[in-house]
Amino acid sequence: MHIKQGHLSWPKKKNTQMKYFITILLALSIFSQGFAQSLQDAIRLSGSSFYSSARSSGVGGAFGAMGADFGSISYNPAATGAYWGGEFSVGVSLNSSLTQARLDGNGTDMFDKYSKRKFKFDQIGYIINTQPIGSDWKSASFGFGMNRIANFDQKMYYEGNTKGSFTDRFLERSHGKELSELDDFEGGLAYDVGAIYGPDNNLYYASDYQKFGPNNLLHKSQSIDLRGGINEMLFSYGANYNDVFLFGLNVGIPFVNYSETKSYTEEALDVSSVLKKLNYDEYLQTSGVGINFKGGMILKMSKYFRLGASFHSPTYYSLEDDYSTNMMYAYDEGDGLKSGEKESPGAYFKYKFSSPWRYTGSLGAIYKLGDLNGFIDFDVEYADFSTGKFDFTAYSSDEGDALNQQEQNERIREELKASLTYRMGAELAYKKLRMRGGIALPDTPFEKDDLSDVIPTYTLGAGIRGDKVFIDFAFIREGTRYGYSPYILIDETLIQPFVDVEKFTSKWLVTFGTRF
């Protein structure tokens with residue numbers, strides 16, 4: 001263990017203030033194994049992107065009243081009941097993203113970071129169809145396969161000069177604790193490398209930044225690499241009653257794979273600063289599986305108009321996290337540069353999460369203009385993100401996990417809200433050629449609108465559909481604006497860095513299929 005000399009004379013605080021401060025920290029920052037979960041994790045597990053097949057993607061995902069498209073089965077299971085024959089389809093995509101990030105402060109610029117273009121396997125589906133003879137039930141179908149319902153790939157980088165230090169967070173994680181009580185991932189690691197030291201008689205720790213230069217600018221930078229997605233295996237049954245009422249039921253089994261690598265650096269600009277450099281790296285791997293149930297219907301009100309509706313139960317996930325950190329701290333007290341470096345032990349945590357209910361309504365119209373025909377569809381989707389819930393006690397009896405569960409679920413209830421997503425799209429058909437376009441207008445899940453600003457999604461599509469085979473293409477452009485902080489502080493008098501982020505994703509999708 002690295003202990004710095006001459007740094008134990010940090011001024012003592014009044015006992016009453018100290019007890020109050022420690023009480024707040026213990027209430028809000030109790031360390032437990034459930035450290036990796038946050039609002040962003042809840043949103044990541046609660047959201048869905050229904051852009052797995054090129055046909056429904058080309059119309060902005062607005063397919064709830066149409067049916068007979070495997071990608072739309074995950075959206076409205078009644079799509080299974082709209083088939084009049086068997087089908088096999090497979091879809092692949094090329095994905096890329098651009099993330100622009102700017103650190104608020106002095107001398108900061110906007111930095112662009114592109115993720116490499118990656119091929120993804122988005123969909124595979126198989127439909128078995130039967131048509132009873134002499135019955136009002138005109139058709140029944142069973143479908144099974146896989147749709148990719150979320151893509152997490154993103155790279156981000158920022159740098160700039162601001163006041164404040166990551167060591168401020170390490171201090172907050174450590175105040176009021178004996179050395180043996182410091183956690184292995186932040187406070188304890190910071191103590192071992194010399195980024196914080198002490199404690200004094202009141203169990204109050206110190207840092208070079210707060211002791212010698214609390215108003216100094218530090219050059220901060222961070223690179224972030226996110227990867228993974230959610231693939232949902234589904235089993236669906238649908239039927240057509242008298243070619244008027246279509247219904248469907250799904251069982252979905254989503255598989256989650258997510259990794260997060262963060263590398264943060266801060267360096268002193270003042271040559272006289274004792275603090276010279278801090279590196280803090282975080283590694284997180286999340287994997288798991290869930291189950292959900294969906295039901296839907298399509299009502300053909302007339303030859304030209306249709307209504308659709310569906311519900312999605314919460315997805316009940318069982319998840320596993322592997323987490324570790326690494327820290328390096330360099331300082332100079334006037335007798336030469338010294339440094340310490342240490343890697344945390346690996347941490348494994350198993351827990352559960354349930355996503356919110358989701359409801360959709362759809363209105364569609366079929367049109368024919370001479371040799372041209374097609375459809376227009378309008379969908380609205382409702383999801384209350386504030387009802388998502390973590391369960392850290394499902395596999396743990398630790399009191400800290402129970403307290404962390406209570407805190408995180410309270411944050412979800414207070415800081416997230418119900419949101420509506422609108423989708424509208426149209427398809428134009430001329431003989432075997434298809435042209436498509438669509439738009440989606442998502443809503444932010446945050447209670448405070450200034451925390452996130454969702455940009456409209458625009459889509460284009462085309463296809464050729466023969467008697468037995470078809471091929472469809474689609475392009476999807478999505479975007480969002482949000483704020484990000486590399487570390488969170490409780491003390492509002494301290495300066496916390498804030499990063500403005502704009503993310504844009506592009507997806508080129510192709511689906512091949514055959515009917516039988």
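The values are calculated or read from the model by the stated rules, or taken from the named source; none is laboratory data. All values reported here derive from a predicted model rather than from experimental measurement. Backbone-built Cβ (ideal geometry, glycine too); neighbour counts: all protein chains shown.
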Inset, instruction - Could you identify the single residue in Y348, Y329 that is of a type outside the set (A, V, I, L, M, F, W, C) and touching a Leu at 6+ places or on another chain (Cβ under 6 Å)? - result: Y329
Legend entry - Among the candidates A365, A330, A383, A394, residue that is among the aliphatic types (A, V, I, L, M) and over 30 Å from E282 (Cβ atoms): A365
Legend entry - Out of D379, D391, D443, D472, sole residue that is within 19 Å of the chain's Cα centre (by Cα) and at pLDDT 95 or above: D391
Inset, instruction - Kindly list, by first and then second residue, each pair from a residue in the stretch 190-201 that is free of Cβ contacts under 8 Å to residues at least 40 places away in the same chain to a residue that is among the basic types (K, R) and outside any strand (DSSP E or B), limited to pairs with Cβ atoms under 9 Å and residues at least 6 apart or on different chains. - result: P199/K177
Legend entry - Check on R423, buried (at least 19 other Cβ atoms within 10 Å of the Cβ) and touching a His at 6+ places or on another chain (Cβ under 6 Å): no
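When you check R481 against the structure, is it under 17 Å from the mean Cα position of the chain (by Cα), part of a strand (DSSP E or B) and in contact (Cβ under 8 Å) with a residue 12 or more places away in the chain, yes or no?
The answer is yes for R481.
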Legend entry - Yes/no for G145 being crowded, with 18+ Cβ neighbours inside 10 Å and at positive phi: yes
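Out of curiosity, is R173 among the basic types (K, R), under 24 Å from the mean Cα position of the chain (by Cα) and either within 27 Å of Y258 (Cβ to Cβ) or at pLDDT 95 or above (or both)?
No, not satisfied.
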Legend entry - Index of the failed condition, G228 passing every other in (1) under 30 Å from T493 (Cβ atoms); (2) touching a residue at least 40 places away in the same chain (Cβ under 8 Å): (1)
Inset, instruction - Kindly provide the set of residues from the stretch 450-465 that are at pLDDT 75 or above, in contact with a Gly (Cβ under 9 Å, 6 or more places away or on another chain) and either loosely packed, with under 15 Cβ neighbours inside 10 Å or under 15 Å from V59 (Cα atoms) (or both), ordered by number. - result: P456, T457, Y458, T459, L460, G461, A462, G463
Inset, instruction - Of the conditions (1) modelled with pLDDT of 95 or more; (2) surrounded by fewer than 16 Cβ atoms within 10 Å (Cβ to Cβ); (3) on the phi > 0 side of the Ramachandran plot; (4) not hydrophobic (A, V, I, L, M, F, W, C), G374 clears all except one; give me its number. - result: (2)
Inset, instruction - Take the stretch 34-90 and flag every residue that is of a type in the set (F, W, Y) and outside any loop (DSSP other than H, G, I, E, B). - result: F70, F88
Inset, instruction - Could you grab me the full set of residues in the stretch 157-189 that are without any contact (Cβ under 8 Å) to a residue 24 or more places away in the chain and surrounded by fewer than 21 Cβ atoms within 10 Å (Cβ to Cβ)? - result: L179, S180, E181
Inset, instruction - Starting from the stretch 113-136, take each residue that is at positive phi and list its partners that are modelled with pLDDT of 90 or more and charged (D, E, K, R), counting only C-beta distances under 8 angstrom and pairs at least six apart or across chains. - result: none
Inset, instruction - May I ask you to list the residues in the stretch 484-506 that are of a type outside the set (D, E, K, R), in contact (Cβ under 8 Å) with a residue 24 or more places away in the chain and either within 30 Å of Y430 (Cβ to Cβ) or not in a strand (DSSP E or B) (or both)? - result: P486, Y487, I488, L489, I490, L494, I495, Q496, P497, F498, S506
